[in-house]
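Quick notes on the structure that follows.
Every number here is computed from the coordinates shown, using simple stated rules; none is lab data. Predicted model only: the values in this text are computed from it and were never measured. Here Cβ is always computed from backbone atoms with ideal geometry, including for glycine, and neighbour counts include all displayed protein chains.
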Amino acid sequence: MSEQDEQALLVAERVFAGYVPGVDVLCGCGLLLGPRELVGVIGPNGAGKSTLVKAIFGLLRIRSGMVTFKGKDVTNLPAHTLVSRGIGYVPQRQNVFPTLTVEENLRMGTYLRPKEFSRRVATVEELFPVLAQRRAQKANSMSGGERQMLGMGRALMMEPEVLLLDEPSAGLSPRFQDQVFERVKEINASGVAILMVEQNARRCLQICHRGYVLDQGGNAYTGTGTELLHDDKVIELYLGTLARAR
Amino acid sequence: MRAELAKLSFEPGVAKPDPLLVVDGVTRAFGGLVAVHVEHLEIERGAITALIGPNGAGKSTLFNVVSGFDRADSGSWTFDGAPVTGRSAHRVARRGLVRTFQLTKTLSRLSVLENMLLAANGQRGERLGLALLPPVWLRQEREIKRRADELLDRFRLSRMRDEYAGTLSGGQRKLLEMARALMVRPTMVMLDEPMAGVNPALTQSLLSHITDLRDEGMTVCFVEHDMDVVMGISDWVVCMAEGEVVAEGPPHAVAKNPAVIDAYLGKQHDEPGTEPDHE
Amino acid sequence: MRVPFVLATALTQGDAVPQGPGFLDRALQALVDGIQFGAIIAITAVGLSLIFGTTHLINFAHGELVTIGAVMAFFLNVGAGGPGWHLIPSAIVAIVIGALLGGLIERGLWRPLRNRGTGLINLFIITIGLSLLLRHVVLVFFGTRPQSYREYDIQQALDLGPVGITPRDLIIVVLSVLVLLGVAFMLQRTRIGTAIRALSSNPDLAEASGIDVDRVVLVVWMLGGGLAALGGVFFGLTEIITWDMGFRLLLLMFAGIILGGLGSAYGAMVGSFVIGIVAQMSSLWFPVDLQNAWALLALIVVLLIRPQGILGQRERVG
Amino acid sequence: MDWSVILSDAIRSGIGPVAAVYALAAIGLNLHFGYTGLLNFGQVAFMLVGAYGVAASVSTYGLPLWVGVLIGLGSSVLLALLLGLPTLRLRAEYLAIATIAAGEILRLFYRSSWAEPVTGGVFGLQRFATEFYDISPIPRDTYGFWLVRFTSRDLWALSVAWAVVLLATALIALLVHSPWGRVIRSIREDEDAVRSLGKSVYAYKMQSLVLGGVLGSMAGMMLAIQNQSVNPDSYDPVVTFFLYTILVLGGAGRVFGPIVGSILFWALLTFFDSALREAIAAGYISPDVISAPEVGAVRFALVGLGLMLLMIFRPQGLLGSRKEMLLDAR
């Protein structure tokens, strides 16, 4: 772990943030993400998982705490600056531009480097063949699973070093969930470090190198995917007595 | 109550002895995504029913449809024997089905007390003509105030009585919203995540409020993620996943139901390709 | 050769058939006039619609951008103390000034207010204050007297079968359509245009994709200001330049935008043409001074019969 | 520059009949915007139908004045229903644009050659309020203090007008503090919450629209009676903008906001007007910069600037509370 500490790509330390003035959703959360690592953030609803990712990505003001990327302070920088530095983000629900075509969505991915488009689009379409077939189609005519692919594809267009995924499996049928996790693994295998917030704890931990378990806006547990997967405390955090009743 | 429910078969859509709310074939889709597809669901009168399920399971959407805040693409539902399918929200509420919201809807620039007073039904002073004649409604207003103060006291909000509701914390808003719903004197309350954001100290008192309501004869249906809460107070648990009801039963039975575990933690996949690989 | 012939037929017709031209001919003429009027509304409304789409601001001061465009061109063209340029360079400079003014207002007023978190309704009321301010500043400098440009003022109508149109108006229609096609091309094919649509479609994701939202909004305001100025010059040419011309056009722009579907630039274009045509065609049955009233009535009727369709989907609650 | 003239002009305007008329119309608007949260940008339309209800009934049809008043009130109720029907279910912005459009539609119809037999078209109607002045108990003379003088005719008009304003204020005070007012104010905060508690939001919005509209039409009638003339072009959208300025100046959602706002608005407007004219006459301001006829335009520009500055720096107005403003969810 200490080795990772030194060469960590993305570090969040003691982050406090919230939506309503005076009410902190995150109370001193922290995590780190090493190069080429796939890290999952799990926890019960309302634990602040999505909020943490939004705060890291500059979409929500951090009240205190620090975020560094490749050793540089990036706390509260606007999202578009973070994109140019090499961080990609796929939001949970509204993850595509519905009135734009698939190709235009991808184009917006390389908004900052339009010349890269043709080179990157080939890579992304190789990863998500469905996008190549639907290039001219409007995003709002796609299914939830396809939208998730498009969202990830768009975020990958800038060739980010870090990809932040906010509940990529939310609202998808099991078949699409499998596909999404498969793709996440592939993306990570291609060298992109991924920080993934997930609802589906088991599937998430199965593919993650490490995981963080969030509870009430602070870190509850951390460990490798397999450790957490078999940790009764984690299951209890999710299911409470439901787990004990088992 | 629990004893009667325990005699039923624990499967989705099972008929209850005395259902208050009956939902039939309700579907609601957003774009291509089917958010709710409920074949049949009955909510037992006088019981506490918990609606559980992971994010995006369609719990809130079902709440919205039934309470008239969203339209269904198909299906019908009856409340207390009367068809309320497609009725506007205020008519549903007047029939005695009152809901709260996941994101609280407090009336910021009204005092906490005024929030409570608003909710009382059958107020003479709410009619434009009579509003101008305080003697007509003042006595009723005093009675309503008394009731509101009782509830505020019960929900430990008396201290904030005359503050703007907008100054309350998230947890206090939840309490206010629940107390406010009770001012309507509903037959059934639908609570959308009543515990979210409420601090642990208040959670216990909130829980006892909910059981008190049931003991007073009210029907309670609530969406909740905290399983301790659900297991502790529910008479019946309905689990939704991907828009459908996947399991129903008393808490202990649902806790053992593999469909519920799968819904929450995600289905277990043990095919070789998905083993975690570590450096 | 053609012009005297028109006059001659008009005279003979006047002698022989006292009712004037037949209904069909009048209807066609009204249609042509409507298209021309609609084109001017469309040019100005597109900017207003894009501003709404990207920032959700209902800009009540948009009419003043139209007036300022027309008045600037007038000053450069025939204004006392002005350079007395030909209308075409005057108009081009007016468009540039309109674009700069739009950009200045966004940069100096709306952006700081957005950053302060000022609510949309407050912003809306502020645009009304701005509208009053700008309009009366124009009034102080321009005066109440209606004016015309020096060139292209009085022209003989070309005779195109049953309808007539002056070369000036024909060119205005053609230019307007070209400009609208240009805007459509920009929105559809260019990087910034796609970014504008992306921003209207999903602002958070736009920011997350690396789009500098403030810059895109600035471009939208400059585009809106430039188009408004161009529309102002056209409006001043086809009718007359007055200090409140833009304000009179404003409600028709809104009518067009709502008719076509709030927030959609193409909807605004289509809606504006409909409004222009309704206005002109109404004079087939009703007095000319009620043209605009009928056009606005069309707006209310649309709100009455298909509000949901215009609003799009109802939002999810809870 | 004669400051006593400037000051007395300002005071006369601030307490004069026009200020009372605008205060009354603003009270109606306060019910709409300040308490219910309805963005009515066509309050002038209600004034228009009120004014013409009186004028046309008396002038065109020879009916007694009180019948005209009833017709004016009736038309405002009808207008509110027609306007509310399509728009009250829609987002706030739609109501704003629909109401302002409705105001323009009415103005255009009333001034059209079509309606001329009834409304007098662009020429308007005159001399229909003699009945009102005939019943004045005030003997012919001028009244007032210092340089602030009113004719007996104006004094009668302004007394009646302010009396109506006070009555309307009392009415609103009673209403907004009643359970009815509680529902209205709740709608302003969150419609869905009100719906979830079993109140028909639509019906309450409609009641608010009608009541505020009726107050607007009464303001229109008083304006018509004071001037003994109506002209469609004095009912253009700018009147509504003035009303908003008055409301924001005094404080929206405050019982006395419209009164304070209107007095101050007209006093300030006249102060600037008078001061500018005096300054031009005295040679402090060169006529090349602002000539006397342009003073009217300059003061309108100042109204616009004032409205902007108010909304930016003190949106709660003079009587509003900053704390409450910060809680404003809109």
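The table below gives the values:
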{"quantity": "For the protein assembly as shown, radius of gyration divided by Kirkwood radius, i.e. Rg to Rh on alpha-carbons", "calculated": "1.00"}
{"quantity": "Kyte-Doolittle at least 1.0, axis length at least 30 Å by Cα - qualifying DSSP helices, chain C", "calculated": "C:23-55, C:120-142, C:167-189, C:213-238"}
{"quantity": "Helix-only mean residue ellipticity at 222 nm for chain D, each DSSP H run of n ≥ 4 adding -39500 (n - 2.57), per residue, nearest 500", "calculated": "-22500 deg cm²/dmol"}
{"quantity": "Efficiency of FRET between C:ALA184 and C:VAL96 - r from beta-carbon atoms, R0 30 angstrom, step 0.05", "calculated": "0.85"}
{"quantity": "Distance (nanometres) between label positions extended 7 Å along Cα→Cβ at B:ASP212 and C:ILE305", "calculated": "5.7"}
{"quantity": "Length-normalised contact order for the range B:166-235 - Cα pairs under 8 Å, 6+ apart - percent", "calculated": "36"}
{"quantity": "Residue of D:LEU83, D:LEU243, D:LEU167 that the Gaussian network model of chain D assigns the largest fluctuation, springs spanning Cα pairs under 10 Å", "calculated": "D:LEU167"}
{"quantity": "Average beta-carbon neighbours from other chains, 10 Å sphere, peptide C:293-303", "calculated": "6"}
{"quantity": "Rounded FRET efficiency, nearest 0.05, which uses the C-beta distance separating D:ALA163 from D:ARG140 and R0 of 25 Å", "calculated": "0.75"}
{"quantity": "Sequence-distant lysines (8 or more away, or on other chains) whose Cα lies within less than 26 Å of A:LYS115", "calculated": "A:LYS70, A:LYS138"}
{"quantity": "Using a Förster distance of 60 Å, the FRET efficiency for B:ARG156-D:TYR61 (Cβ separation, nearest 0.05)", "calculated": "0.35"}
{"quantity": "For B:VAL245, distant residues with modelled amide H under 5 Å away", "calculated": "B:GLU39"}
{"quantity": "Residue-averaged [θ]222 nm for chain A, counting only DSSP H segments that reach four residues, each worth -39500 (n - 2.57)", "calculated": "-11000 deg cm²/dmol"}
{"quantity": "Most mobile of C:LEU180, C:LEU48, C:LEU133 in a GNM of chain C (Cα contacts under 10 Å)", "calculated": "C:LEU133"}
{"quantity": "Relative contact order for the range A:110-225, counting Cα pairs under 8 Å that sit 6 or more residues apart, in percent", "calculated": "20"}
{"quantity": "Partner aspartates and glutamates for A:LYS233 [C-alpha distance under 16 Å; skip if fewer than 8 residues away on the same chain]", "calculated": "A:ASP215, B:ASP226, B:ASP228"}
{"quantity": "Folded to 0 to 90 degrees: helix B:170-183 orientation relative to chain B principal axis, Cα", "calculated": "70"}
{"quantity": "Residue of C:ARG116, C:ARG26, C:ARG189 that the Gaussian network model of chain C assigns the largest fluctuation, springs spanning Cα pairs under 10 Å", "calculated": "C:ARG116"}
{"quantity": "For the range A:107-135 and the range C:84-110, distance of Cα centres in Å", "calculated": "38"}
{"quantity": "Backbone HN-Hα couplings from phi across the range A:9-14 [Karplus 6.51/-1.76/1.60, Hz, Gly and Pro as x]", "calculated": "7, 10, 10, 10, 10, 6"}
{"quantity": "For B:LEU51, residues with placed amide H under 5 Å, excluding near neighbours", "calculated": "B:PHE222, B:VAL223, B:GLU224, B:VAL238"}
{"quantity": "Per-residue average of Cβ from other chains inside 10 Å of B:121-129", "calculated": "5"}
{"quantity": "Shielding score for C:115-124, defined as the mean number of other chain Cβ atoms within 10 Å", "calculated": "4"}
{"quantity": "Inter-label distance for C:VAL174 and D:ALA292, nm, one decimal - labels placed 7 Å from Cα along Cα-to-Cβ", "calculated": "5.2"}
{"quantity": "Within chain C, helix-based [θ] at 222 nm, where runs of 4 or more DSSP H residues each add -39,500 (n - 2.57), nearest 500", "calculated": "-24500 deg cm²/dmol"}
{"quantity": "Fraction of antiparallel bridges per DSSP, chain A only, in percent to nearest 5", "calculated": "55"}
{"quantity": "Per-residue Cβ neighbour rank within 10 angstrom, fewest leading, C:ASP212, A:ASP231, D:ASP288, D:ASP141", "calculated": "D:ASP288, D:ASP141, A:ASP231, C:ASP212"}
{"quantity": "Between the range C:239-258 and the range B:43-122, the Cα center-to-center distance that results, in Å", "calculated": "45"}
{"quantity": "Most positive-pole-ward Cα, A:PHE97, A:VAL124, A:LEU156, against dipole of the range A:93-159 from beta carbon charges", "calculated": "A:PHE97"}
{"quantity": "Exposure proxy order (Cβ contacts within 10 Å, fewest to most) of C:ILE126, C:ILE171", "calculated": "C:ILE171, C:ILE126"}
{"quantity": "Nearest-ten-degree value, helix A:117-127 long axis tilted from longest Cα axis of chain A", "calculated": "60"}
